[in-house]
Amino acid sequence: VQLQASGGGLVQAGGSLRLSCAASGRTASINVIGWYRQAPGKRREMVALVRSNGLTPYSDSVKGRFTISRDTAKNTVYLQMNSLKPEDTAVYYCYAEVIEALINDYWGQGTQLTVSS
C-alpha cells in the first residue's frame with residue numbers, strides 16, 4: 001500500500017484546511033486508515049482514524065474541530081480541520097493498518113501544517 005498525503009500549508013489561527021491522503025495498491029486490505037501528527041520535539045500522536053467497522057476515534061485535542069472521512073471509491077481519506085490553533089502545527093502523516101500475512105503499518109510522506117497566531 002502506498003499513501004500520498006497532500007493539502008498542508010500555512011493558515012492563520014481560526015482558519016480551516018483539508019488534508020487528503022490517496023491510497024494505492026492493496027487498498028482492499030486496509031483495516032484502519034487515518035492521520036497522525038508530530039510536532040517539533042514531541043512524539044507522534046494519533047489525530048483521527050477510520051476503522052473498517054466504521055468507528056472514527058479522534059484525539060481529545062481535535063474533537064469537535066476536525067472531521068475525518070473516507071471516500072472508498074477514490075481510495076482517499078480526508079481530514080477537514082476547522083478552528084485551527086497554533087498548537088495544531090505539526091507534520092501530518094497519513095497512516096494505514098493493512099491486514100496481509102501479518103498486520104503491517106504503512107505511512108505516507110507527511111505534509112506540514114503551520115498555524116500562525
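Numbers below:
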item: Per-pair calculated FRET efficiency, R0 = 30 Å: R44 and E100 via Cβ, rounded to 0.05; result: 0.85
item: Full-stretch length increase - N31, Q4 - with 0.36 nm per residue and alpha-carbon distance subtracted; result: 8.0 nm
item: Relative contact order of region 10-68, defined on C-alpha pairs under 8 angstrom at six or more residues apart (%); result: 22 percent
item: The chain - accessible surface per residue (Å², probe 1.4 Å); result: 53 Å²
item: Candidate aspartates and glutamates for bridging to K42, where Cα separation is under 14 Å - those fewer than 8 sequence places away on the same chain excluded; result: E87, D88
item: Cut-off 13 Å between beta-carbons: net charge of the residues surrounding D105, Lys and Arg +1, Asp and Glu -1; result: -1
item: Loop sites in region 49-113: trypsin sites (Lys or Arg not before Pro), DSSP, at most 12 other Cβ within 10 Å; result: K63, K74
item: Solvent-accessible area, 1.4 Å probe, carbon plus sulfur percent, for the chain; result: 48 percent
item: Simple label model, 7 Å out from Cα along Cβ direction - S69 to S83, nm; result: 1.9 nm
item: Under 15 Å from the Cα of K85 - aspartates and glutamates, other chains or at least 8 residues apart; result: D60
item: Counted charge near V77, where neighbours are those whose Cβ lies closer than 9 Å (Asp, Glu -1; Lys, Arg +1); result: 0
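The values are calculated or read from the model by the stated rules, or taken from the named source; none is laboratory data. The model shown is predicted, which means the values in this text are computed figures rather than measured ones. As a convention, Cβ positions derive from the backbone with ideal geometry for all residues, glycine included, and neighbour counts pool all protein chains shown. Ligands, DNA and RNA are excluded from the accessible area calculation, which covers all protein heavy atoms including side chains. Shrake-Rupley method; radii C 1.70, N 1.55, O 1.52, S 1.80 Å.
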